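Heads up: the structure comes next, in structure tokens.
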Amino acid sequence: MDAGLAAVLGATVGAVGTGGAGIVAALLARSQGRSQLSAEYARFIREQRKAAYTAYMETVLKEHERLRDASAHLQMAAHAEGDDRAEAVRAAWPEYRAVQEQWADLERRYAEVAVEGPPAITQSALQISGALNDYGNHVLACLQAFAGGGSPASDDLAQLTEVHNASHDAHRAFLRQASEVIGADGIRRLPE
């Protein structure tokens, strides 16, 4: 082989090697950029969801606590007589009314959770809202039964404990799911 051909072949191999290395480096940088973008997107989504879930749960806990307090007053009223009974019933009404007044805030917080998703957590939040609504309806039924000096049936009072527990169970299920959703690291696919 003459020197000219060797020089041309050497230059060609050098150019292909340099160009190939550049292409490989560009592909690696592109892949790394996509991974970085995916992780940043997951972090952004995670923070938005965390804020919505936390705000919703704060509202849920306030409502649940008010209903629990109203239930406690109703239980006291069931075992009291005369003025003590009337006082316990009067103490339950403001708790129930506060829940009703704040229901719009709970619905707004639910809407934020529904927008942030994913669908499984939205369904879980809907179950909490339903459980709280059921709890509130049972409290109201007992309050109305006490009106005019009457008493709710013992089954109605026992159901207050059941609906309280159902509401609490729905709230714990939501927290479990929220923890899983927020725990997504962005490297794996975000939960749907």
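Computed quantities for the displayed model
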| item | result |
| --- | --- |
| Projected area averaged over orientations for segment 103-192, convex hull of C-alpha atoms, nm² | 6.5 |
| Ranked by how many other beta carbons lie within 10 Å on average, peptides 90-100, 143-153 from highest | 90-100, 143-153 |
| Share of carbon and sulfur in the accessible heavy-atom surface of segment 35-77 [1.4 Å probe, %] | 54 |
| HN-Hα J in Hz across segment 132-143 - Karplus 6.51, -1.76, 1.60, θ = phi - 60°, x for Gly and Pro | 5, 5, 4, 4, x, 5, 5, 4, 4, 4, 5, 4 |
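The values are calculated or read from the model by the stated rules, or taken from the named source; none is laboratory data. Since we're looking at a predicted model, the values are computed, not measured. Cβ coordinates were reconstructed from backbone atoms using ideal geometry, including for glycine residues, and neighbour counts include every protein chain displayed. Heavy atoms of the whole protein, side chains included, go into the accessibility calculation; ligands, DNA and RNA do not. Shrake-Rupley method; radii C 1.70, N 1.55, O 1.52, S 1.80 Å.
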